[in-house]
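Written out below as structure tokens is the structure these notes cover.
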Amino acid sequence: MANMGVNLFTSQMRISGIATGLDTDLIVSNLMKLERAPLDRLYQKRQLAQWKRDEYRNIINLLRGMKDKYFNIVKPETYMLSQSAYKKMSAVSTNSSVVTAVASAGAIPGSYKVEVIRAATAAKAESTATVTARLKSSEGISRDDILNAGGRNITVVLDGVSKEITMGNYTAETTIEEVALDLQGKIDSAFGGGKVVVNWVEEAGKFKLAFDTTGGASRITLLSGSSDDGLVYLHISPGSSNRLDTSLTLAELSSRFTNPLAFDENENLVFSINGKEFVFSKNVTLSSMMNAINNDKDANVIITYNEITDKFEITAKQLGSGENIKIGQAGGNFFGDGDGDGAGNGASGVSTVSPITRYGEDAEVKINGQSIVRSSNTFTVNGITYTVKEASSTVQTIQVSVDVDGVYEIIKGFVEEYNSMIDDINKKLNEKYDRNYLPLTEEQKEAMSEKEIELWEAKAKTGLLRNDSLLENIVFSMRKALYDKVEGVNINLAGIGITTGPYEERGKLKIDETKLKEAIASNPDAVMELFAKKSETHPSYSRTMTAGERAARYRESGLAQRLLDIIEDNISTMRNSQGKKGFLLEKAGMEGDTSEFSNMIYEEIRTYEYEIDSLYNRLIQKENEYFAKFAAMERIIGQMNAQSNWLSMQFMQFSRY
């Protein structure tokens, strides 16, 4: 890269001539200003080329923006080459709580009578009984236990609300029944009656306390009192509950099931759901196990623990009839007795989840009297996608019609974007170039403020693409493409209310809203063909097409397709049969592409830099020659001065005699 500086020729320290009294530095500097003028002109030419390259790249980005917004297949809402852009359909239901619909471009406008006989449901399996062991004493409560518990505290947590209960002052004659009645009254007082039931039970001749929920309450948990704990005397472990805590591991929960969990010889649970085998260590939490099942695509089910019913529920993700839940237990007893048949009636008892409690049903719908049965509540018939919400004896109406406003807004947006693009290009084509404002040299910049430099360069950058042939060809080609007849289409832009504005607007389009909306409503297929028609002989753009093939594709293609082809001709990164990329890329290149460093302006800049380097070296040599000549002159004059001084001394000596 050429050196950017221009004030380096007098960078070495010099001194004024002693013998001559001349300011050598100043003289050489002034001489070099004249010599440096060609170098400054090269710097200016290089700068102009760089600015011109940047202007071209702005146009490239302008075309890329148009392409990305309206010719990008991943943006269907504005994709101008899709029929859905011109045949947007609306579908309105008389009762969206029963059935809704979305109409595609292929839907036929009209009224559709829909009777929802049955919505599709999913197969469901659930535990054969509640799964958590009853909350009760782990061993018998003796009279000493009762006496010791008297006056002590326990903490009761009911569905997230915590209260501390102080037991009564029990005596040696207090019975287990009286303890139960005492706790019942105090819990009722703390939480309200009818939520918790405290009972006493006799098992193998021993008396225990049992706590159950009722009346809409679900989870009760017993904790130690904050002081004078009495829970220990009731033989209930702190944290015991009538519901499972899914954050605990399977091993920690094993004894809390009605029928304790059993693991295989490797201390795992092994089972399959819909053919997908799962292996879970006893150290895995219950919530992690359920999450793994729920996120597995092959199992295709959702398993949950229902705290209200205290049961596990499995729901098939696939709606409709059929065996969509199939369970097999291979090791352990979570779903059965481990015999692998998934019968769900084995040793696991009440912790078992049955293979299928309820089979799913297909959706049944009548559309205009025709019966439709589907395994999903969302299905498509004749371009209309129906979503069934619930059964109803009332026949609903789906009104399908062309979404005129939606189509109009897409075309309007496209026209506005086109106008903006054409306007920006025309401004560059007509921008005046002021030759009085050339790029500043470094010396000139040193004498100016930053604001002055900014204003100067803004003027110097104008008009660089004035009357540019590449840009003129883009504008001409696009205007021609919009008004040349599309083969096989019997309408044109003017026929649907889109016309060219006054001459001074240079090709910008104007829309007659009423006329365009009428065309969309009355003849949407023709509007679609005008813009999006594909060539039958050459449906895909190719950089290697012959002139004849390109001409045929042009005649047969819709207006939007023609515009895209023009954009591709100028910014395509693909090479044609001559190995060339798009015209603008060949001219100025594009950042991030190989053309960034392989284009005409890049080569022009490289030529300037070579010339700058070459001239710079010659100027350094020239400067050194000047200093050498002045140094030689200083030596000669110094010698002459010395000789003159010697002669003067001699004359002075002779004069004494």
### Task
Could you look through region 139-163, keep only residues that are among the aliphatic types (A, V, I, L, M) and surrounded by 14 or more Cβ atoms within 10 Å (Cβ to Cβ), and pick out the one that is farthest from N242 (Cα to Cα)?
L147
### Task
Sort out for me the strands (runs of 3 or more DSSP E) sitting completely within region 243-318 that have 1 or more residues that are in contact with a strand residue (DSSP E or B) (Cβ under 8 Å, 6 or more places away or on another chain) and touching a residue at least 60 places away in the same chain (Cβ under 8 Å).
268-273, 301-306
### Selection within region 585-609 - in a helix (DSSP H, G or I) and in contact (Cβ under 8 Å) with a residue 24 or more places away in the chain
L585, K587, A588, I601, Y602, E604, I605, Y608, E609
#### Entry: Matching residues in region 50-88 - criterion: being charged (D, E, K, R) and assigned to a loop (DSSP other than H, G, I, E, B)
K75, E77, K87, K88
### Query
What single numbered condition from (1) buried (at least 16 other Cβ atoms within 10 Å of the Cβ); (2) of a type in the set (V, I, T); (3) closer than 30 Å to A547 by Cβ fails to hold for I612?
(3)
### Task
Report yes if some residue within region 94-116 is of a type in the set (D, E, K, R) and exposed (fewer than 15 other Cβ atoms within 10 Å of the Cβ); otherwise report no.
yes
### Query
Out of curiosity, is A119 crowded, with 18+ Cβ neighbours inside 10 Å and out of contact with any Gly (no Cβ under 9 Å at 6 or more places or on another chain)?
yes
### Query
When you look at L615, is it part of a helix (DSSP H, G or I), within 17 Å of L471 (Cα to Cα), out of contact with any Phe, Trp or Tyr (no Cβ under 6 Å at 6 or more places or on another chain) and of a type in the set (A, V, I, L, M, F, W, C), yes or no?
no
### Query
Of everything in region 315-340 that's surrounded by 18 or more Cβ atoms within 10 Å (Cβ to Cβ) and under 33 Å from the mean Cα position of the chain (by Cα), which residue is farthest from R358 (Cα to Cα)?
L319
### Query
Quick one: which of G463, G507 is crowded, with 16+ Cβ neighbours inside 10 Å, without any contact (Cβ under 8 Å) to a residue 60 or more places away in the chain and in a loop (DSSP other than H, G, I, E, B)?
G463
### Task
Taking S226 as the residue in question, decide whether it is of a type in the set (S, T, Y), touching a residue at least 12 places away in the same chain (Cβ under 8 Å), surrounded by fewer than 20 Cβ atoms within 10 Å (Cβ to Cβ) and assigned to a loop (DSSP other than H, G, I, E, B).
yes
### Query
Do we have E390 as over 35 Å from the mean Cα position of the chain (by Cα), farther than 30 Å from E513 by Cα and surrounded by fewer than 16 Cβ atoms within 10 Å (Cβ to Cβ) here?
no
### Query
Taking into account only those residues within region 567-585 that are surrounded by fewer than 20 Cβ atoms within 10 Å (Cβ to Cβ) and not polar (S, T, N, Q), which is farthest from F71 (Cα to Cα)?
G579
### Task
Please indicate, with yes or no, whether at least one residue in region 164-176 is touching a strand residue (DSSP E or B) at 6+ places or on another chain (Cβ under 8 Å), part of a strand (DSSP E or B), under 20 Å from D245 (Cβ atoms) and touching a residue at least 40 places away in the same chain (Cβ under 8 Å).
no
### Query
Is it fair to say K69 is assigned by TED's automatic domain parsing to the domain that holds F531 and free of Cβ contacts under 8 Å to residues at least 24 places away in the same chain?
no
### Message
Can you go through G497, G548 and tell me which one is crowded, with 17+ Cβ neighbours inside 10 Å and either assigned by TED's automatic domain parsing to the domain that holds G110 or small (G, A, S) (or both)?
### Response
G497
### Query
Within region 123-146, can one find any residue that is farther than 27 Å from P260 by Cα, touching a residue at least 12 places away in the same chain (Cβ under 8 Å), among the small types (G, A, S) and not in a strand (DSSP E or B)?
no
### Task
Would you check if K445 is crowded, with 18+ Cβ neighbours inside 10 Å, more than 26 Å from T499 (Cα to Cα) and modelled with pLDDT under 95?
no
### Query
Hey, does region 68-88 have a residue that's crowded, with 16+ Cβ neighbours inside 10 Å and touching a strand residue (DSSP E or B) at 6+ places or on another chain (Cβ under 8 Å)?
yes
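To keep it simple, each residue is scored yes or no on (1) outside any strand (DSSP E or B); (2) in contact with a helix residue (DSSP H, G or I) (Cβ under 6 Å, 6 or more places away or on another chain); (3) of a type in the set (A, V, I, L, M, F, W, C); (4) at pLDDT 95 or above.
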position: N333; (1), (2), (3), (4): yes, no, no, no
position: G340; (1), (2), (3), (4): yes, no, no, no
position: N345; (1), (2), (3), (4): yes, no, no, no
position: P355; (1), (2), (3), (4): yes, no, no, no
position: S371; (1), (2), (3), (4): no, no, no, yes
position: T387; (1), (2), (3), (4): no, no, no, yes
position: A391; (1), (2), (3), (4): yes, no, yes, yes
### Message
So, R555, is that one of a type outside the set (S, T, N, Q), over 33 Å from the mean Cα position of the chain (by Cα) and under 30 Å from V407 (Cβ atoms) or not?
### Response
yes
### Query
If you take the residues in region 187-202 that are touching a residue at least 24 places away in the same chain (Cβ under 8 Å) and either more than 58 Å from the chain's Cα centre (by Cα) or not assigned by TED's automatic domain parsing to the domain that holds G215 (or both), which one is surrounded by the most Cβ atoms within 10 Å (Cβ to Cβ)?
W200
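The values are calculated or read from the model by the stated rules, or taken from the named source; none is laboratory data. These numbers come from a predicted model, not from an experiment. Positions of Cβ are backbone-derived with ideal geometry, glycine not excepted, and every protein chain shown enters the neighbour counts.
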